[in-house]
Amino acid sequence: MLTLIGRRVHLRSVGPGDAAWLARAMARGSWWRLESPWEGKPSGAELRAVPAQVRALARERASPPTRMVIETRAAVPIGTVTRYWADERAGWLEVGIGIYDARHWGKGYGTEALAMWVDYLFETMNLRRVGLRTWSGNRRMMRLAHRLGFRREATFREACLVGGRAYDRVAYGLLRREWRRGRRP
């Protein structure tokens, strides 16, 4: 099992025992209101699919993994970090982060977890760039991206509707050389 140790959080591989926690966290948390409110709260069918998804992630042999669990130093799971290819030939990876319970927001966990994740990905993969996407209603994610040195590269105007109001989708990017120049927190 892969574990990355930080000051406030650890990142660790997804294990079979994470199914119950993840389904519960996804069902109870208000994370989706910031992550993707236009999709709404996860449905019962989506939550019932979590155990099979977790089992598949636990068997995954990808290196680095496509998803890792964020835990506090006290080994309490609070969220996940993810990665997926935007364009593998160009060395362009997209990342994401979710901290499912609002009680863990604003404590620096997300900043440290995403910084550790980006650092690990740049160190272990042949990447030219890492990107992330959010929407203009998620001010926390926009500040986090900026804090880590991501640059706002694109705005897709009024690309999502939340509560009858149109919001922009926003894309950020970070080049390997920018990360190496010390943009890490």
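Scan Arg24, Arg59 and give me the residue that is modelled with pLDDT of 85 or more and loosely packed, with under 11 Cβ neighbours inside 10 Å.
Arg59
Are there strands (runs of 3 or more DSSP E) fully within segment 72-185 with at least 3 residues that are under 17 Å from Pro37 (Cβ atoms)? List them.
Passing ranges, in order: 92-99, 129-135, 151-162, 165-175.
From (1) surrounded by 12 or more Cβ atoms within 10 Å (Cβ to Cβ); (2) more than 16 Å from the chain's Cα centre (by Cα); (3) under 20 Å from Ile70 (Cα atoms), pick out the condition that doesn't hold for Arg151.
(3)
Any residue in segment 24-35 that's in contact (Cβ under 8 Å) with a residue 12 or more places away in the chain: show its pairings with residues that are exposed (fewer than 14 other Cβ atoms within 10 Å of the Cβ) at Cβ separation under 6 Å, as long as the two are six or more apart or on different chains.
The qualifying pairs are Ser30/Ala102.
State all residues of segment 78-100 that are among the charged types (D, E, K, R) and loosely packed, with under 15 Cβ neighbours inside 10 Å; if no residue qualifies, say none.
Asp87, Glu88, Arg89
Among the residues of segment 5-21, how many are surrounded by 18 or more Cβ atoms within 10 Å (Cβ to Cβ) and touching a strand residue (DSSP E or B) at 6+ places or on another chain (Cβ under 9 Å)?
Result for segment 5-21: 6.
Residue under question is Arg169, and the condition is that it be basic (Lys, Arg), more than 23 Å from Glu88 (Cβ to Cβ) and surrounded by fewer than 18 Cβ atoms within 10 Å (Cβ to Cβ); does it hold?
No, not satisfied.
Given Arg139, Arg129, which one is of a type in the set (Lys, Arg), loosely packed, with under 14 Cβ neighbours inside 10 Å and more than 11 Å from the chain's Cα centre (by Cα)?
Arg139 is the lone residue from the list that is of a type in the set (Lys, Arg), loosely packed, with under 14 Cβ neighbours inside 10 Å and more than 11 Å from the chain's Cα centre (by Cα).
The values are calculated or read from the model by the stated rules, or taken from the named source; none is laboratory data. Here the structure is a predicted model, which means the values were calculated and not measured. Cβ: placed from backbone, ideal geometry, glycine included. Neighbour counts: every protein chain shown.
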